[in-house]
Amino acid sequence: MIYCVEDDAGVREMEVYTLRSMGFEADGFADGEAFFAALGVRLPELVLLDVMLPGEDGVSLLKRLKSHQATRSIPVIMATARGAEYEKVQSLDLGADDYLVKPFGMMEMVSRVRAVLRRSAAAPRDVLRAGGIELDAERHMVRALGERVELTLKEYELLRALMAREGMVFTRDALLKEVWGVDYCGESRTVDVHIRTLRQKLGKCGEQIMTVRGVGYKLESEGYDE
């Protein structure tokens, strides 16, 4: 899946249409708010991100992507205005993988997308494995007993936290802090709800997420729900 973040509806529709016609899955978003809402449902393989956006601009969105554990490895191609040298340098320094200078041709866009995806696929991948669960951080992909599992952003982060320290017992407060951030003003019930949906999506492998009564949760290679 490729996400195109572009406020110009005509350009956005052309980008999505071209990518789909070339065999990619693609969706478009007019601003950062819609884009981050979509990230909470599905993580893409690549983001094509315009710098000039209403509200929060593309550079700020790039900073947010690269500061977030679950999204920092998603390849990003920035779309910059002609002559905006500072934007190009700033974007690359912040972790963008490539940039396109507007106006650009659709076939040039497809070529850049393919090149970045090839580089991403060839790079060493951060893969976590525990029992029947595999989490590929570079591809933002989770498999349970070999079957791909679609997770929301918070479910993905929760699973990654548990897998990264397999066997460690996390309190609900610790998971709230790690996954939702120190400024999150939620209740520990939030963790319980996400654990429940995560277990359901993982099927039989959900039994690896174990409840430690009176404390919190842990993940084991071989486990069951108490």
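The values are calculated or read from the model by the stated rules, or taken from the named source; none is laboratory data. All values reported here derive from a predicted model rather than from experimental measurement. Heads up, the Cβs are rebuilt from the backbone with ideal geometry, glycines too, and the neighbour counts pull from every protein chain shown. Only protein heavy atoms, including side chains, enter the accessible area calculation; ligands, DNA and RNA are left aside. Shrake-Rupley method; radii C 1.70, N 1.55, O 1.52, S 1.80 Å.
Quick check on residue 79: is it touching a Leu at 6+ places or on another chain (Cβ under 8 Å) and part of a strand (DSSP E or B)? Yes. Pairs are defined by a Cβ separation below 7 Å, a sequence spacing of at least 6 or placement on different chains, a first member in region 153-165 that is touching a residue at least 12 places away in the same chain (Cβ under 8 Å), and a second member that is among the acidic types (Asp, Glu) and surrounded by fewer than 21 Cβ atoms within 10 Å (Cβ to Cβ); the pairs so defined are 161/178. Does residue 70 count as modelled with pLDDT under 85 and more than 29 Å from residue 160 (Cβ to Cβ)? Considered against the rule, which asks whether it is modelled with pLDDT under 85 and more than 29 Å from residue 160 (Cβ to Cβ), residue 70 comes out as no. With respect to the stated conditions, residue 42 fails to be open to solvent by 70 Å² or more (accessible area, probe 1.4 Å) and either of a type in the set (D, E, K, R) or under 20 Å from residue 150 (Cβ atoms) (or both). Put simply, of 117, 92, 61 the only residue that is surrounded by fewer than 16 Cβ atoms within 10 Å (Cβ to Cβ) and assigned to a helix (DSSP H, G or I) is 92.
Applying a threshold of 9 Å to beta carbon distances and a minimum spacing of six or more residues, or different chains, the list of pairs starting in region 78-99 at a residue that is at pLDDT 80 or above and ending at one that is surrounded by 13 or more Cβ atoms within 10 Å (Cβ to Cβ) and among the aromatic types (Phe, Trp, Tyr) reads 78/99; 79/99; 79/104; 80/99; 91/99; 92/99. Checking each residue in region 145-173 for being outside any strand (DSSP E or B), open to solvent by 40 Å² or more (accessible area, probe 1.4 Å) and within 14 Å of residue 218 (Cα to Cα) picks out 164, 165, 166, 168, 169, 172, 173. The condition of being open to solvent by less than 20 Å² (accessible area, probe 1.4 Å) and outside any helix (DSSP H, G or I) holds for only one of 142, 191, 179, that being 142.
All told, residue 117 falls short of being under 21 Å from the mean Cα position of the chain (by Cα), among the aliphatic types (A, V, I, L, M) and farther than 26 Å from residue 22 by Cα. Selection of region 120-139 for residues being surrounded by 15 or more Cβ atoms within 10 Å (Cβ to Cβ) and farther than 29 Å from residue 206 by Cβ yields only 120.
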